[in-house]
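**Q** The structure's right below; bear with me while I get my questions together.
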Amino acid sequence: MATNPINRKKQAIISQKDLNLIFRILKSNWWVPIIVLPIFYAIGTFYVYRLTNVYQASTEFLLKVNDTYYQNNVLSDQNFYSYGSYVDNLNEQRIIQSYDLSSSVVDKLLSDIQVSYFIVGKVRTTEQFKNVPINIVINSINPGYYEQIFDFKILDYNNYEISFLSDGVKQVKRGKFNQDLIDSDLNINVIRTDIFSEKKVESFKEIFYQFSIHSKEYLISNIQGNLSIENPEYTNILIVGLKDIVPERAILILDTLNSVYSLSKLKTKFELNERTITYIDRQLNEITYSLKSIEDTMQNYKEKKSIIDLAWEQGDFLTKISTYDGQKSQLQLQLGALQDLEKYIVEDKDPQFLPPNVFIFEKSGFMSTAVTDLYTKQLELNKVYNLAKENNPIVADLKASIKKTKQDLLVYINNTRKATDQQIDGLNKEILTYINEAKLIPGKQRDILNIQRRATVSEQLYNFLLEKRANTKIAKASIVPDVKIVESPRNIGVVSPDKPGIQKSFLSFGLILSIIIIILRAFFYSKITSVEHLKELTELPLIGVLPFVKDGNNDGLVVDHSPSSVISESFRNLRTNLMYANIGIDAKTYLVTSFLPSEGKTFTSANLACIFAKSGKKTILLELDLHKPRIFKRFGLPPQSKGITTCISGINTYEEIISETHVPNLYCMYAGPVPPNPSEFVLSQKLKDIILRAKQDFDFVIIDTPPAGLLSDSVYLIDQVDATIFVLNTKTSSKRVITFMENVMESNNLKNVLLVLNGVSRLGKRYYYQGYGYSYGYGYGYGYGKGYGFKK
């Protein structure tokens with residue numbers, strides 16, 4: 001399927017017109033970056049050269065080091081294998097950045113850093129730290145002189161001069177080296193250094209020195225402000241950096257900071273160790289007193305409670321209670337035996353079966369004898385019964401004897417029972433007494449245990465403190481800083497300013513400025529230098545192109561004295577294009593104007609009128625630039641005393657102001673004397689009548705007018721002509737001229753405005769004869785009618 005070429009043209013991302021625009025902008029503005037960029041590079045280089053380099057010194061700490069002789073078993077430390085734990089050293093960072101630590105550093109280095117020395121050059125001033133021939137010792141100074149610049153000049157080997165401002169008044173003091181310079185506000189001693197010798201005095205005299213004295217607060221603030229600390233993740237390493245314009249001073253300060261920080265850590269440990277020992281000693285004294293108090297309390301309690309030995313008393317009480325309880329049991333058994341015996345006697349049991357417990361508690365005595373006797377008599381009575389009768393005297397005697405024995409036993413049993421009960425009651429009382437005493441033992445034991453517990457705790461604490469006191473004293477001998485210097489202070493180079501970056505910024509700014517200048521020139525100050533450029537800016541028809549003519553050939557009528565030149569051929573093409581322009585068949589009146597003076601409108605109007613006359617047409621040229629008439633110069637004439645102004649004023653008639661020129665068929669109506677109010681003459685009815693009559697009397701009427709950008713005369717006259725020729729000059733005309741024309745046309749509803757581009761360079765014959773006549777004649781003429789309409 002074929003593609004429509006029109007659509008293909010619309011779809012193009014970059015058109016030939018765009019390429020032409022870019023090429024034209026580059027062609028006319030290539031010199032801008034070539035001039036601007038070197039200028040900004042030079043400015044940037046000079047600016048960078050004047051900047052003072054800021055260096056940075058860096059050191060690295062390793063915190064929480066375990067390099068101690070006396071320490072626990074590392075392998076038993078449960079924290080030894082704590083991999084991947086988060087390490088936060090913000091406290092240590094704050095300590096390093098603290099005011100007190102910086103103050104300690106300044107105190108150690110005050111004599112080295114309190115005074116800053118400068119060498120003043122032609123372009124910049126540089127600070128020196130070591131390589132200076134003098135060392136200023138500050139004995140006393142008025143605080144108002146801190147941070148003030150003092151000028152210093154070496155007069156000779158023994159004398160120097162300083163100057164400074166005091167209350168806005170310059171003060172000059174002279175002193176001798178190695179001697180105090182005593183003033184009411186300043187007491188210093190300037191000492192010669194090792195590099196200051198008599199041979200070098202003359203070279204030192206040529207150098208302009210300055211110095212500044214700093215307060216302690218300034219130095220502390222400067223250290224704190226330029227100190228930076230970085231803690232890499234998951235490490236105990238602190239990277240401490242210090243910025244300074246003198247790298248040696250930064251290294252010195254960091255080295256001192258390392259020392260002060262390490263000593264502060266040691267001091268803290270020693271203070272902690274001493275406080276620990278002091279605390280242990282105080283606690284030991286208190287515990288010793290407490291132990292003595294506890295011993296006194298124990299002794300008083302034992303004396304009060306009559307305690308000899310609770311363990312022995314407890315055993316004694318238990319033994320006695322057991323003994324008494326055993327005795328009580330025996331007595332209770334004896335009562336049982338007596339009861340059984342009494343039951344046996346009372347119930348008159350079988351004498352062959354005595355109670356078994358009768359003899360368990362008494363092996364001898366009345367009862368044992370009586371019971372044995374009773375038992376024997378009963379057995380004997382039983383034997384007698386086998387041999388005798390009841391009435392046998394032996395039986396009666398035996399029964400009487402048995403009865404008598406039983407009565408005696410019953411009496412004995414009764415008495416014995418009473419005695420035994422009394423014994424049991426006595427034993428119960430004894431047992432109760434000892435039980436009550438035993439019951440008191442736990443309370444006493446508890447009290448004693450409490451006292452003993454206090455004593456034990458105090459003794460354990462005493463022993464613990466003694467052990468810790470010994471460990472603390474041993475640990476004191478093995479105290480080392482828990483800070484290890486991983487990397488000593490060193491200069492890591494310039495950190496600011498970024499001179500290459502600044503130079504790049506200047507170049508970038510120069511490039512941006514160049515682009516801005518090019519854009520401004522392209523859109524606001526770009527001159528219309530070619531036909532293509534003019535076509536890109538407007539759709540107004542271009543009726544002719546005039547080549548550039550040198551000033552020497554720009555006077556007179558060039559088409560008359562150089563008929564074969566390129567410029568004459570350009571006017572012939574202009575005449576042809578006007579004849580074929582789509583502005584009406586009977587168009588015969590043309591107004592020629594421009595935006596500014598010196599764009600070639602008078603040159604164009606005069607030569608256009610001449611070329612029309614040479615074609616055999618009766619032509620008249622009207623000089624209506626009444627403000628600054630110049631047509632007469634084209635014909636080599638002096639200023640005319642009569643002309644349009646005298647005709648309008650009634651001094652001369654219409655016929656009197658028409659002048660015949662040396663060119664056949666060419667007539668001229670000069671402006672005449674310049675009136676005080678030229679614009680009013682242009683607006684007069686008489687001028688309209690003059691133009692109308694000229695149209696009737698001549699084949700072509702060419703009107704030369706003032707610049708439209710400065711005066712409105714030409715705009716008023718446009719209604720009186722068939723077409724307006726607007727002359728543009730490649731040296732002065734820009735886009736704003738096109739904008740002005742289009743605004744004037746729109747606001748005044750003007751028609752038939754034609755353009756002539758004057759001063760085009762490199763306009764060759766090939767360009768003229770091969771394409772110009774057709775392109776700018778027929779092409780613009782017909783195209784214009786469709787866009788703007790016709791003058792009716």
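The values are calculated or read from the model by the stated rules, or taken from the named source; none is laboratory data. Being a predicted model, the structure only gives us computed values, none of them experimental. Note that we place each Cβ from the backbone using ideal geometry, even for glycine, and neighbour counts take in every protein chain shown. Surface areas here come from the heavy atoms of the whole protein model, side chains and all, with no ligands, DNA or RNA. Shrake-Rupley method; radii C 1.70, N 1.55, O 1.52, S 1.80 Å.
**Q** So for the stretch 227-248 (the condition being among the β-branched types (Val, Ile, Thr) and touching a Phe, Trp or Tyr at 6+ places or on another chain (Cβ under 6 Å)), does at least one residue qualify?
**A** So the first thing to find is which residues in the stretch 227-248 are among the β-branched types (Val, Ile, Thr), and the list is 229, 235, 237, 239-240, 245-246.
Okay, now just the ones that are also touching a Phe, Trp or Tyr at 6+ places or on another chain (Cβ under 6 Å), so 246.
Within the stretch 227-248, one or more residues are among the β-branched types (Val, Ile, Thr) and touching a Phe, Trp or Tyr at 6+ places or on another chain (Cβ under 6 Å).
**Q** Which residues, counting only those in the stretch 122-134, are in contact (Cβ under 8 Å) with a residue 40 or more places away in the chain and part of a loop (DSSP other than H, G, I, E, B)?
**A** Listed by number, the residues that qualify are 123, 124, 129, 130, 131, 132, 133.
**Q** Further, regarding this structure: Anything in the stretch 629-657 that is within 16 Å of residue 688 (Cα to Cα) and surrounded by fewer than 17 Cβ atoms within 10 Å (Cβ to Cβ)? List them, or say none.
**A** Matches in the stretch 629-657: 649, 650, 653, 654, 655.
**Q** Residue under question is residue 604, and the condition is that it be of a type in the set (Val, Ile, Thr) and farther than 22 Å from residue 662 by Cβ; does it hold?
**A** Against the criterion (of a type in the set (Val, Ile, Thr) and farther than 22 Å from residue 662 by Cβ), residue 604 does not qualify.
**Q** Then there's this: Take the residues in the stretch 709-732 that are over 17 Å from residue 625 (Cβ atoms) and assigned to a strand (DSSP E or B), then tell me which one is farthest from the chain's Cα centre (by Cα).
**A** Among those residues, the one meeting the criterion is 723.
**Q** Scan the stretch 719-759 for residues that are touching a residue at least 24 places away in the same chain (Cβ under 8 Å) and open to solvent by 20 Å² or more (accessible area, probe 1.4 Å) and jot them down.
**A** 720, 722, 731, 732, 735, 736, 740, 742, 744, 748, 751
**Q** Taking the stretch 596-628, which residues are open to solvent by 20 Å² or more (accessible area, probe 1.4 Å) and in a loop (DSSP other than H, G, I, E, B)? I'd like the intermediate steps shown before the answer.
**A** Going residue by residue through the stretch 596-628, those that are open to solvent by 20 Å² or more (accessible area, probe 1.4 Å) are 596-598, 614-618, 627-628.
Hits for the stretch 596-628 are 596, 597, 598, 615, 616, 617, 618, 627, 628.
**Q** Could you look through the stretch 220-230, keep only residues that are open to solvent by less than 40 Å² (accessible area, probe 1.4 Å) and not in a strand (DSSP E or B), and pick out the one that is nearest to residue 55 (Cα to Cα)?
**A** Step one: filter the stretch 220-230 for residues open to solvent by less than 40 Å² (accessible area, probe 1.4 Å), giving 220, 223, 227, 229.
Restricting the remaining residues to those that are not in a strand (DSSP E or B) gives 220, 223.
On the way: 220: 18, 223: 14 Å.
The selected residue is 223.
**Q** Of the conditions (1) surrounded by 15 or more Cβ atoms within 10 Å (Cβ to Cβ); (2) in contact with a helix residue (DSSP H, G or I) (Cβ under 8 Å, 6 or more places away or on another chain), residue 189 fails just one. Which one is it?
**A** (2)
**Q** Could you please give the count of residues in the stretch 18-52 that are closer than 23 Å to residue 519 by Cα, free of Cβ contacts under 8 Å to residues at least 12 places away in the same chain and not basic (Lys, Arg)?
**A** 10
**Q** Okay, moving on. Name, by its number, the condition in (1) within 25 Å of residue 576 (Cα to Cα); (2) assigned to a helix (DSSP H, G or I) that does not hold for residue 689.
**A** Evaluating residue 689 over (1) within 25 Å of residue 576 (Cα to Cα); (2) assigned to a helix (DSSP H, G or I) leaves (1) as the failure.
**Q** Considering only the stretch 231-257, how many residues are touching a Lys or Arg at 6+ places or on another chain (Cβ under 9 Å) and open to solvent by 40 Å² or more (accessible area, probe 1.4 Å)?
**A** 3
**Q** For the subset of the stretch 690-720 comprising residues that are of a type in the set (D, E, K, R) and in contact with a Phe, Trp or Tyr (Cβ under 8 Å, 6 or more places away or on another chain), which member is nearest to residue 575 (Cα to Cα)?
**A** This residue is 699.
**Q** Are there helices (runs of 4 or more DSSP H) fully within the stretch 475-588 with at least 3 residues that are open to solvent by less than 30 Å² (accessible area, probe 1.4 Å) and modelled with pLDDT of 85 or more? List them.
**A** Output list reads 499-520, 566-580.
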